[in-house]
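The values are calculated or read from the model by the stated rules, or taken from the named source; none is laboratory data. The model shown is predicted, which means the values in this text are computed figures rather than measured ones. Here Cβ is always computed from backbone atoms with ideal geometry, including for glycine, and neighbour counts include all displayed protein chains. Keep in mind that these areas ignore ligands, DNA and RNA; they rest on the heavy atoms of the full protein, side chains included. Shrake-Rupley method; radii C 1.70, N 1.55, O 1.52, S 1.80 Å.
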Amino acid sequence: MSVLTCLLQLALGTSPVFAFLSLTIFLLTPVVIRMNGGIGSMGSLLFVASYGKLFFIAQWLKILMGQSADSHLQAPVETAFVLFMGVLVFMAAGLAIRALFGRSSGLITLPQDPRFLSWLASVAVMLTLFSIVARHLAGLSRAGAADYEEGRGLVLLLYLANLLPLAVAAMTARRAILSGGGASSTPGW
């Protein structure tokens, strides 16, 4: 699937550097998840939640719309390189956890408590809403690209706006726990 994605990106006119950085990110994803203790660890959840929305889904949506993967980006190669560096950071974090704590299951495993997952999702949604309101009140929702490039964008507010995938993942995990992993008619939020 990774190679197919790369070939389709190249066929749609994506620059080879962007396409091959994307391919590398796709191919390293299972390694990152394994290094962070498997899919059941918090590090893997954060990686999949952030890269799933930000990168993987975006790449396939571009292909389905017939657009090159680097279209509508001001600095496409730099963007892909920063995402690639993020993958390396997630890998380094997994290695550090193993070296420091001698564990291969990750430092923080996903809790199996539905109340905690509900709380986690609620906090993620509240922080996202706070970010949207704060950016609007500060005038950043109307700012142009130059304002962000000059550092006026208050990067933390931009990052807080990207917590909704974590809320979705937490609520999905909560629902799976409550249903015993299968379909259920148990009511619950």
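Side notes on the structure shown:
- Compared with the alpha-carbon gap, the fully stretched path from Leu156 to Ala134 is longer by 6.8 nm at 0.36 nm per residue.
- Across the protein chains, with a 1.4 Å probe defining accessible surface, the residues Ile25, Ile57, Ile63 rank Ile57, Ile63, Ile25 from largest area downward.
- Of the listed residues Leu12, Leu160, the order by accessible area with a 1.4 Å probe, largest first, is Leu12, Leu160.
- With R₀ fixed at 22 Å, the C-beta to C-beta distance from Met126 to Ile57 puts the FRET efficiency at about 0.35.
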